[in-house]
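Any read-out appearing in this document is the output of simple, stated calculations on the displayed coordinates, not a laboratory observation. All values reported here derive from a predicted model rather than from experimental measurement. All Cβ positions, even for glycine, are placed from backbone atoms using ideal geometry, and neighbour counts span all protein chains on display.
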């Protein structure tokens with residue numbers, strides 16, 4: 001959570017604009033879905049500053065519930081964001097989300113590239129030609 005409601009609102013605005021720009025530039029969905037999710041997080045945090053320490057308000061209770069739900073699903077969207085930088089993982093996610101009409105949807109298997117493997121391979125290739 002940011003240090004103030006104004007900071008959260010500013011980051012939410014930047015995030016929404018970045019998400020819209022990524023969609024406009026036709027970036028892969030794994031990028032703009034993650035950007036949108038975290039922009040909504042900042043928007044939620046900006047709202048919660050207006051009801052902080054007012055536990056009797058239903059809006060505070062609903063915002064708290066949404067905060068818990070956001071934290072619950074956050075690892076999936078972090079994976080989406082990291083998958084943007086690893087082409088093998090991104091291609092696998094694309095095959096799951098948008099399967100070709102003549103092929104069944106791929107599911108994770110023992111041959112699915114690990115996110116850590118992709119990040120390690122990318123880190124090891126930095127500086128190489």
Can you give the extra length, in nm with one decimal, that the chain gains between residue 85 and residue 59 once fully stretched, where that is 0.36 nm per residue apart less the Cα-Cα distance? 5.6 nm
Give, to the nearest whole percent, the P(r) tail of the range 16-68 beyond 14 angstrom, counting all Cα pairs. 57 percent
Just order 35-41, 70-76 by mean Cβ neighbour count inside 10 Å, highest at the front, would you? 35-41, 70-76
